[in-house]
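**Student:** Below is a structure I'd like to ask you about.
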Amino acid sequence: MLSFTFPGQGSQRPGMGRPWVDHESWELVEEASDVAGRDVARLLLDADADELKDTRNAQLTTFVSSLMVLDAVERLGIEPSYCAGHSLGEYTALAATGALSFADGVRLVCERADAMHEAGNSNVGTMAAVLGLDDDQVEVACRRADSDVWVANFNAPGQVVIAGSPAGVERASAVAKELGAKKVMPLQVSGAFHTPFMQPARDRLRKAIAEAGPRDTEVPVVSNVDALAHNTGEEWASLLSAQLSSPVRWKHCLLTLAELGVTDFAELGPGGVLTGMAKRTVEGSRTISIATPEELDKLIEWVNIGSPLTAVDRNDRHRPLRLCGCQRARHALCHLAQAERLPAHLLARQACEVQQVVDQRAHVAAAGDHAFEVPDRSCIEFAFIVLQHDFAETVDRAHRRAHVVCNRVTERVEFAVGDFQLRSSLRDARFELGIQIRHRRFGLLARLHIGGCAHREQR
């Protein structure tokens, strides 16, 4: 099974938005700027390292960058069985699964960053990474320091972050070296995150989380707080506020994912730090880090050489990885020309249903939301049937950004509205998009009623 992981603060770097400027996913930056009331594009393109170190800039840019990568990956039709995010990345994971809308995610991240910034000014603190000690030994070092210092992050075996007052961190660092730590690295941060020093920020954020109202999700997210998988909005309302002043149990999150059957870890966003942690924590895991559009081809190859990916439904029944709804199907078709190696199992499902639908001559408007699979054989005509029962709802589930996706459809796809009906056989299917991939041909046999989509959105 596959898990998407999302990085936290510290992964940002100057110019990380430049590879995405000409990509369709860049429109998320424009939307984020509107919601946040800030020029996110400038931060992603022109901000230097010092400006990006500011908690308020680091969190917003990392969140938006990670979701740009996710948006591009979704265009390939790839979806995970589980998601997880490190600290700030947990908000990205919740937006990815639909627990938070994109707009709510942006607002919460901005509120979180502001609250943490103020808490850091009120309770001056710092952080340091301790390398080469077991978790228990690092906790001993914190206790022996006899000061305000705590374990903030359990990142990976032999990699633990401590945080607290500058004096407390200094004393705990010295004790850690005495206990055999290979190295202690001070971190350039503006506060003692994930410690009791963040309690004022927690109180402020709790109200904002309640207003956002996290929703239930189909894909579970593994929490930093308890390292357990959750998919109910009520649970996340309390977990997100607790996260600010609780240690990030990332190592335990990875082990939980492994216990749930996850073998493949795809880190989506800048940095690539989580990929190394997964390698160190989960023996035999397959990992990949995707941060730029150019690396999407690498993801396709990675998927191809691995075993068929699966997802898990609410009843823990394994099901093949599939395209999810009209959005993913349409985006996949747009990108297939440059992704010739996309495996057949990602493209559709249930071949027998194709002929059944064709034979029934079902009208597109009444067909529902399905993607079908046909056998992978040379010189066969593929029919990629995109049928949408509730366009707005399905697209909104992926990013809760139905209006953005609807605009994409209107501007780029330009489906005609008419009384088009399915042909009586696959052999007669029209090759409407003109995309040819080696010996495979795809025909889009569905036309979306854009006016109806807009009407449903307005409601």
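Residue-by-condition table, conditions (1) at pLDDT below 95; (2) basic (Lys, Arg); (3) under 26 Å from residue 274 (Cα atoms):
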site	(1), (2), (3)
157	no, no, yes
162	no, no, yes
174	no, no, no
182	no, yes, yes
186	yes, no, yes
195	no, no, yes
201	yes, no, yes
207	yes, yes, no
210	yes, no, no
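**Student:** Still on this structure, please answer the following. Are any residues in the stretch 18-64 closer than 25 Å to residue 192 by Cα and touching a Phe, Trp or Tyr at 6+ places or on another chain (Cβ under 8 Å), and if so, which ones?
**Tutor:** Once the filter is applied, which keeps residues that are closer than 25 Å to residue 192 by Cα and touching a Phe, Trp or Tyr at 6+ places or on another chain (Cβ under 8 Å), the stretch 18-64 yields only 63.
**Student:** Continuing with the same structure: Among the helices (runs of 4 or more DSSP H) contained in the stretch 207-308, which hold 2 or more residues that are within 19 Å of the chain's Cα centre (by Cα) and under 20 Å from residue 10 (Cβ atoms)?
**Tutor:** The qualifying helices (runs of 4 or more DSSP H) are 233-243, 250-259, 273-281.
**Student:** Of all residues in the stretch 231-275, which are under 17 Å from residue 97 (Cβ atoms) and of a type outside the set (A, V, I, L, M)?
**Tutor:** 231, 232, 233, 234, 235, 236, 243, 253, 256, 265, 267, 269
**Student:** If you don't mind, there's one more thing I want to ask. Give me a count of the residues in the stretch 87-124 that are crowded, with 24+ Cβ neighbours inside 10 Å and basic (Lys, Arg).
**Tutor:** Total satisfying the criteria: 1.
**Student:** Could you check, for the stretch 46-66, whether at least one of its residues is touching a strand residue (DSSP E or B) at 6+ places or on another chain (Cβ under 6 Å) and either buried (at least 18 other Cβ atoms within 10 Å of the Cβ) or assigned by TED's automatic domain parsing to the domain that holds residue 155 (or both)?
**Tutor:** Among the residues of the stretch 46-66, at least one is touching a strand residue (DSSP E or B) at 6+ places or on another chain (Cβ under 6 Å) and either buried (at least 18 other Cβ atoms within 10 Å of the Cβ) or assigned by TED's automatic domain parsing to the domain that holds residue 155 (or both), which makes the answer yes.
**Student:** Hey, does the stretch 141-153 have a residue that's of a type in the set (Ser, Thr, Tyr) and within 22 Å of residue 53 (Cβ to Cβ)?
**Tutor:** Within the stretch 141-153 (the criterion being of a type in the set (Ser, Thr, Tyr) and within 22 Å of residue 53 (Cβ to Cβ)), the answer is no, since none of the residues qualifies.
**Student:** Give, as residue ranges, the helices (runs of 4 or more DSSP H) completely inside the stretch 1-92 that count at least 1 residues that are under 14 Å from residue 267 (Cα atoms).
**Tutor:** Output list reads 55-74.
**Student:** So residue 61 clears everything in (1) of a type in the set (Ser, Thr, Tyr); (2) in contact (Cβ under 8 Å) with a residue 60 or more places away in the chain; (3) under 26 Å from residue 15 (Cβ atoms) except one condition, right? Which one?
**Tutor:** The single condition residue 61 does not satisfy is (2).
**Student:** Only one of these is touching a Leu at 6+ places or on another chain (Cβ under 7 Å) and either under 30 Å from residue 28 (Cα atoms) or assigned by TED's automatic domain parsing to the domain that holds residue 251 (or both): 141, 181, 84. Name it.
**Tutor:** Exactly one of 141, 181, 84 is touching a Leu at 6+ places or on another chain (Cβ under 7 Å) and either under 30 Å from residue 28 (Cα atoms) or assigned by TED's automatic domain parsing to the domain that holds residue 251 (or both), namely 84.
**Student:** Only residues that are part of a helix (DSSP H, G or I) and touching a helix residue (DSSP H, G or I) at 6+ places or on another chain (Cβ under 6 Å): list them for the stretch 163-195, please.
**Tutor:** The answer is 168, 171, 172, 175, 176.
**Student:** Checking the condition hydroxyl-bearing (Ser, Thr, Tyr) and over 15 Å from residue 7 (Cα atoms), which residue from 101, 65 passes?
**Tutor:** Residue meeting the stated conditions: 101.
**Student:** Separate question: Identify, please: which residue in the stretch 146-155 is at pLDDT 95 or above and in contact with a Lys or Arg (Cβ under 8 Å, 6 or more places away or on another chain) and is, among those, farthest from residue 283 (Cα to Cα)?
**Tutor:** Per the stated criteria, the residue is 149.
**Student:** Among (1) polar (S, T, N, Q); (2) touching a Cys at 6+ places or on another chain (Cβ under 7 Å); (3) free of Cβ contacts under 8 Å to residues at least 40 places away in the same chain, there is one condition residue 147 misses while meeting the rest; what is its number?
**Tutor:** (2)
**Student:** Within the stretch 154-206, how many residues turn out to be within 27 Å of the chain's Cα centre (by Cα), surrounded by fewer than 17 Cβ atoms within 10 Å (Cβ to Cβ) and either under 16 Å from residue 9 (Cα atoms) or of a type in the set (Asp, Glu) (or both)?
**Tutor:** Number of matching residues: 3.
**Student:** Could you please give the count of residues in the stretch 263-272 that are crowded, with 19+ Cβ neighbours inside 10 Å and either among the polar types (S, T, N, Q) or closer than 22 Å to residue 135 by Cβ (or both)?
**Tutor:** Qualifying residue count for the region: 1.
The values are calculated or read from the model by the stated rules, or taken from the named source; none is laboratory data. Because the structure is a prediction, the values reported are computed rather than measured. Heads up, the Cβs are rebuilt from the backbone with ideal geometry, glycines too, and the neighbour counts pull from every protein chain shown.
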